[in-house]
Every structure is written in C-alpha cells, then in structure tokens.
Amino acid sequence: MGSFVDVDCARELRDVPDSEGLLHVVGVTGDGRLWYTVRDPALIHGYGWTPFRDGELSKGGTGPFLRAAVATARQAGRVEVVVAGVTADGGLWATTRKSGSEFHPFAGVAPPAGDDPTVRAVALADAAGSAVTIHLAAVSGDGHLWHAVGRPGQWLSLTDVEKTLAGNRPGDLTDVACAGNGDLDMVAVAGDGHVWRTTRAPSNRWTPFTDPEATDVGSFTRIGVAQ
C-alpha cells in the first residue's frame, strides 16, 4: 500500500448482541489514499487480519486524505462503524457501515464556525448512547479544539471547547484524541509539544484543561487515548 502517515483503530464492544469482537483499522498513505482492514479473532490463518482495501472508502473522490479516525457504536443490537477523514484542502468528511455491509459514500461535515473553517486533525469515540451516537473532536486550521455529538449527517454544530468551562486556550493545537464510555476523555497536543487533557460528563459539563506532564519529557507531535 505504500508508506502510512496516519492510523487509527476501534474495537467492537462485546456487550452488543451481534458483536464479533472485531478490531477495525483505518490508515492514510502518503499518496492520500484511505485504507481499511479488520482483525477477526475467529480467523486463525493470517492472525485474523483481512486484506487491506480502499475501494469502499474512495467513493465520491473526496481525497486526497491527510488524517483519519474510526469508531464503533451500537445500533439496536448491531454494530455500526464510523470513519472520519481530513482532506488536503482542510475538509472534514465522514461515512458509516453496518456489520456485513459496505461503507456509504463520504458526506461532508459542517466546518468549525471560527475564524478558520478548515480542519487539521480529527478523532472519534463512542458516546455510549442507546442510539448510534459518536463524539467527534476536531482541530481547526487556527489550532482551536472543537467537539460535537451525533452521527454522520446528524452531528450538531461543532462547539469551541476552549470557550466552555474547559478554560483558556492551551495553545496552537496540532493533534487530538478522545475516548468515551459515558464520560469523554479528550487529549490534545499543542504547538509547543505539550499535552493537554479535559473531560466532559454526560451532563455536558467540561473540566478545566490540565497538563498531565509531571516532568518535561520532550515535545510531543501526536497523541492517542483509549478506555
């Protein structure tokens, strides 16, 4: 496939009746193509990995992509996979697929309503709702952190997290990751290499940003978080 420049993964929760415990992986290669594969623990040969494929995620010609994110959510006892991607022009796109089906064509996500409507990074997390609800976190072109809850085509307008109770702007952000199971944990990397963290309760209340670095361990460029 070539050299990968970004990658993300999401596991199916086993408390969903038809969950197969699959691990869903998306990756972006240097040529802007978005790839997808699955690891099925029921498959012995090849350690359970299916071949990479990009045809499902290339419909509509929305690329080339720079970044990608994936999450899984419950839907009436089934699993829905949600993929989001950032394109070279700063566009934000999302698509879904249900178990055993193909991905729908990508649909555009309404851009941030700030001074810079482009996006440079994206992250997804299961909102653990009764319906298919997904947390979407994005970093805009001017380094602001944004958040919405919903699903592709039904996300509410992105909210500027730094204008909530999370507090002052931690800096020119370059990357974001999030993980949720009721509460939402969100971490981000600032332009000076520091990591910042905030949480959001189901009541929509954000906690103030904190810097989890007890000592200076260097400048970070990418970040990840998991439940």
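Assorted remarks:
- The residues of the range 142-164 that are of a type in the set (S, T, N, Q) and over 14 Å from P111 (Cβ atoms), listed by number, are Q154, T164.
- Just one residue in the set V16, V5 is at pLDDT below 75 and touching a strand residue (DSSP E or B) at 6+ places or on another chain (Cβ under 6 Å); that residue is V16.
- Filter pass, K98 being among the basic types (K, R) and at pLDDT below 75: no
- Annotation: L156 fulfils all but one of (1) of a type in the set (A, V, I, L, M); (2) at pLDDT below 85; (3) buried (at least 17 other Cβ atoms within 10 Å of the Cβ); the unmet one is (3).
- Residues that are under 15 Å from the mean Cα position of the chain (by Cα), in contact (Cβ under 8 Å) with a residue 40 or more places away in the chain and under 22 Å from G143 (Cβ atoms) within the range 180-203 comprise L184, D185, M186, A188, listed in sequence order.
- Residue that is modelled with the lowest pLDDT [pool: residues in the range 172-193 that are surrounded by fewer than 17 Cβ atoms within 10 Å (Cβ to Cβ) and closer than 20 Å to P212 by Cα]: D183
- Test for L34: is it within 19 Å of L124 (Cα to Cα) and either at pLDDT below 90 or open to solvent by less than 50 Å² (accessible area, probe 1.4 Å) (or both): yes
- Against the numbered list (1) open to solvent by 20 Å² or more (accessible area, probe 1.4 Å); (2) of a type in the set (G, A, S); (3) touching an Asp or Glu at 6+ places or on another chain (Cβ under 9 Å), G61 comes up short only at (3).
- Residue count, the range 129-148 (criterion: among the hydrophobic types (A, V, I, L, M, F, W, C) and open to solvent by 40 Å² or more (accessible area, probe 1.4 Å)): 1
- Here A113 passes the criteria (1) within 29 Å of W35 (Cα to Cα); (2) open to solvent by 50 Å² or more (accessible area, probe 1.4 Å); (3) small (G, A, S) except the one numbered (1).
- Residues of the range 71-112 classified as part of a loop (DSSP other than H, G, I, E, B) and acidic (D, E), total: 2
The values are calculated or read from the model by the stated rules, or taken from the named source; none is laboratory data. All values derive from a computational prediction rather than experimental measurement. Note: ideal-geometry Cβ built from the backbone for every residue, glycine included; neighbour counts use all protein chains shown. Side chains included, ligands, DNA and RNA excluded: accessible areas come from the protein's heavy atoms. Shrake-Rupley method; radii C 1.70, N 1.55, O 1.52, S 1.80 Å.
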